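**Q** Provided herewith is a single structure, encoded as structure tokens, for subsequent inquiry.
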Amino acid sequence: MAGMSDPVSLSKDRPAAAPDSGTPLGRHAAAPATGIHSGHAADGTQAAPVVTTYPVSFTGSAGEYFRLWIVNAALTVVTLGLYLPWARVRNRQYFYGHTWVDGHNFEYRADPRRLLRSYLLVGALFLAYVLTSESESLGWVSVLIALLFLGLYPWLVAQSMRFQAVNTVHRGLRFHFDGRVRDAYVAYGAANVAAAVSGGLALPWAWFMQRRYQLDHLRYGSARGLFRGDVAPMYLIALTALGVMAGAGLLLGVPAVVAVVAWMAAQGFELDSLNWMGAGLFGVFFVAAAYVILLVLQGVVWQYVRAATMRYVLNSAELGGVVRTGATFNPWRVVWISVSNGVAQLLTLGLATPWADIRRSRYLLQGVTVRAIAPLDEFAGSAGGPESALGEAATELLDIGLGF
Amino acid sequence: MPGGDSWPEVPGVFFDGRSSRDHPATLHLEPDGVRLRLAGRADHHWRAADVTVDPALPGVRRALSFPDGSRFETAEHATVRAWETRHGRNRLLGGVARLEASWGAALGAVAVTGALLWGFVTFGLPALARQAAAVTPQGVLASFDREAMRVLEGQDLIGPSGLSAARQAQLQAAFRDVSGWAGGGYGYRLLLRDGEPAGGVGMGANAFALPNGTVVMTDQLVALARSDRELIGVLAHEAGHVTQRHGLASVYQALGLSLIVTALTGDVVSASTFAAAVPVALVQGGYSRAAETQSDAVAARYLLERYGTTRPLQTILARLESAEGGADGLPDLLSTHPGTAARIEHLRQLEDAAR
Ligand SMILES: [Zn+2]
């Protein structure tokens, strides 16, 4: 029972209501018409609401998760992949179940049988795409599949958001996502096209549109989410990433050019007498090394962008006008964890994956807080519409980063 | 139900599903259902059939949910498991949870996963690839040849042949006989090319076959041969690769491998780049030992029919191996380098068996 967190004792550990340093929880606090019964607003604006900070804790352990992960991986292999949805759901359930806010954990309730049907459909389409993309006579099939995917991509994202939300439960209440498909075509279709057409100039704007779409249409019970963020910080994140990329490129590129020149000088610049093979080999090696360095650099910078936007989103998210999340994790620390995780996974042929996942979640979640001006047990439930597992399967199998 | 207090009861927390409020509660696990006891409220009873028990997860409290959307959560794993077993719930996932609790099972899972993946990659995948290659319609093959030739010519790995027209005609005639004998309705053609168009780089003395019957032979290989029979032996060997569809099988094998890597890492982007790499794989990828042996057997049959001996192929294999030290890149004929001696021995045995 060592790893078991007793809900009752955790509830007792709830920190005493501490008046926060002056920042009341925002404009919605004065008008709590969003589904939560808060008594504070009635007192008028003079009475600053009492802000309670609820720490978020993560109780997953690497050893425990390793056993779960490898047993489910083995079952997936033994069943030729048919068990995959059950494995994925169980892995995710472990992380949700070990994430606690104010003494209560989250729960992931997706039905693996429904996921299986969608996985099979998406897998079959992908296989058809790969097989026909090489063929001359059937090439149009792959083009058709690609066009279908591109055209449906925003719809799939909306479906995936809906599926993920409705299968997330906390304190017996489900989350919901009611973003309209039309808005998804703006945030994930038009915005991405604009980002591509503008040569990346509009990319941070696309990130902003997407995060706003995700948060503004999220509901917990009947309380509505709100993204209070702005576009400018997204551009700041992108500029930081670009600067780091350029700086590191210079830092690595200049010595590389010096090395090439030095090598040429050692050869006495007698280009005519240069051993063709030697020069060719050196060139190939040089280009390959530069390519790998560039890839690693790009990966590092991308990790930074993801972590930094995640922190910004968490710092700008609000629920029902009474709850705000906050994040204090350092994006560069997240980058370091991701890079060292990747190395560990490579060296252990993937066996370190569970440890890596736990390590990352632990660091991210220990830097997340939930602040509220009303008790967390006063949210009211509401009904949600139907949801399809297809979007979830497509986004998960095709590894579309939703950045959430 | 009288005597309800003798049934196991577990402390926990109850959510009514309509608000986020947590109510401390106890649940009595009775044989025919469960009874919820909330402070200051009347007991509520649910029949066993109406109770959903979520599968156990290590370290996570158990949840029982009820038809009205309410739920009860408790940390008393053992008691819930006993009730779950008695009512035959979560048989499969309960078993999975028991496996997940044991380090022995985890080690076993590592062994099983590793062994199955290794076995599939070394035995299952090649067999599947051969099957897929055998049933691939012939119309698909031509595009493979076209793409591979485009890559080869684009990379300056081969250039126009420097052989005289008369010499080329001789070799073309020899190839017509080989391809007519091999049959199968493929688009056979022999391309004579310079293997070192840019000086020291290129493929050197080499010959290789593409799926639809395009066979490329370099001037350097022609120069290396001491008789036409040696070259005819090589051409028959390449025709063997065509009729046995070895090139296509190796493409499928690489495709399967990349799909497995995709499934394991969840990375589709690297798998998509594979499609672009197919022509390169066709040219650079060597065949398996088994494929070379099969093609040698085809060549041996042709040579024995025409000349009664497999010696020409043996000699050029031996000469290629001794010349290979200076050449760049592994010639197709020697792509499974350590086996050259064994291949020569195999050809000798085939000749002995024919006598
Ligand atoms: Zn061969």
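The values are calculated or read from the model by the stated rules, or taken from the named source; none is laboratory data. Not measured: the values here are computed from a predicted model. So basically every Cβ, Gly included, is an ideal-geometry build from the backbone, and we count neighbours across all protein chains shown. Please note that ligands, DNA and RNA were not included when accessible areas were found on the heavy atoms of the full protein model with its side chains. Shrake-Rupley method; radii C 1.70, N 1.55, O 1.52, S 1.80 Å.
**Q** Restricting attention to the stretch B:210-249, which residues are of a type in the set (S, T, N, Q), more than 13 Å from the ligand (Cβ to nearest atom) and not in a strand (DSSP E or B)?
**A** Result: B:N212, B:Q220, B:S227.
**Q** Take the stretch B:19-48 and flag every residue that is aliphatic (A, V, I, L, M) and either in contact with a Leu (Cβ under 8 Å, 6 or more places away or on another chain) or closer than 19 Å to B:R81 by Cβ (or both).
**A** Within the stretch B:19-48, B:A25, B:L27, B:L29, B:V34, B:L36, B:A48 qualify.
**Q** Checking the condition hydroxyl-bearing (S, T, Y) and open to solvent by 50 Å² or more (accessible area, probe 1.4 Å), which residue from A:T353, A:T348, A:T325, A:T369 passes?
**A** Numbers: A:T353 fails: open to solvent by 50 Å² or more (accessible area, probe 1.4 Å); A:T325 fails: open to solvent by 50 Å² or more (accessible area, probe 1.4 Å); A:T369 fails: open to solvent by 50 Å² or more (accessible area, probe 1.4 Å).
One residue alone meets the criteria, A:T348.
**Q** Next question. Within the set of pairs 6 or more residues apart or between chains, which connect a residue that is assigned to a helix (DSSP H, G or I) inside the stretch B:312-328 to a residue that is modelled with pLDDT of 85 or more and of a type in the set (G, A, S) with Cβ atoms less than 7 Å apart?
**A** B:P312/B:S227; B:P312/B:G233; B:L313/B:G233; B:L313/B:A299; B:I316/B:A225; B:I316/B:G233
**Q** Just for the stretch B:31-62: of the residues that are open to solvent by 10 Å² or more (accessible area, probe 1.4 Å) and small (G, A, S), which one is nearest to the chain's Cα centre (by Cα)?
**A** Here the residue is B:A56.
**Q** Search the stretch B:238-262 for residues that are within 11 Å of chain A (Cβ to nearest Cβ) and pair each with any residue that is among the acidic types (D, E) and away from the ligand (no atom under 16 Å from the Cβ) when their beta-carbon atoms are under 8 Å apart and the residues are at least 6 apart or on different chains.
**A** B:V261/B:D267
Results for (1) surrounded by 16 or more Cβ atoms within 10 Å (Cβ to Cβ); (2) assigned to a helix (DSSP H, G or I); (3) at pLDDT 90 or above, shown as yes or no for each residue.
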| residue | (1), (2), (3) |
| --- | --- |
| A:L295 | no, yes, no |
| A:W302 | no, yes, no |
| A:T309 | yes, yes, yes |
| A:F329 | yes, no, yes |
| A:V339 | no, yes, no |
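**Q** Can you spot a residue in the stretch B:320-329 that is modelled with pLDDT of 50 or more, open to solvent by less than 50 Å² (accessible area, probe 1.4 Å), away from every other protein chain (no Cβ under 14 Å) and away from the ligand (no atom under 13 Å from the Cβ)?
**A** yes
**Q** Please work out which residue is farthest from the other protein chains (Cβ to nearest Cβ), limiting yourself to the stretch A:60-95 and to residues that are open to solvent by less than 10 Å² (accessible area, probe 1.4 Å) and of a type outside the set (A, V, I, L, M, F, W, C).
**A** Out of the qualifying residues, it is A:P85.
Condition check ((1) within 8 Å of chain A (Cβ to nearest Cβ); (2) touching a residue at least 12 places away in the same chain (Cβ under 8 Å)) across all residues:
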| position | (1), (2) |
| --- | --- |
| B:F15 | yes, yes |
| B:A25 | no, yes |
| B:A39 | no, yes |
| B:A42 | no, no |
| B:R47 | no, yes |
| B:V51 | no, yes |
| B:R62 | no, yes |
| B:P67 | no, yes |
| B:E73 | yes, yes |
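**Q** Can you tell me which residues in the stretch B:184-221 are open to solvent by less than 30 Å² (accessible area, probe 1.4 Å), at pLDDT below 90 and of a type in the set (G, A, S)?
**A** Once the filter is applied, which keeps residues that are open to solvent by less than 30 Å² (accessible area, probe 1.4 Å), at pLDDT below 90 and of a type in the set (G, A, S), the stretch B:184-221 yields B:G195, B:G202, B:G204, B:A205, B:A207, B:A209.
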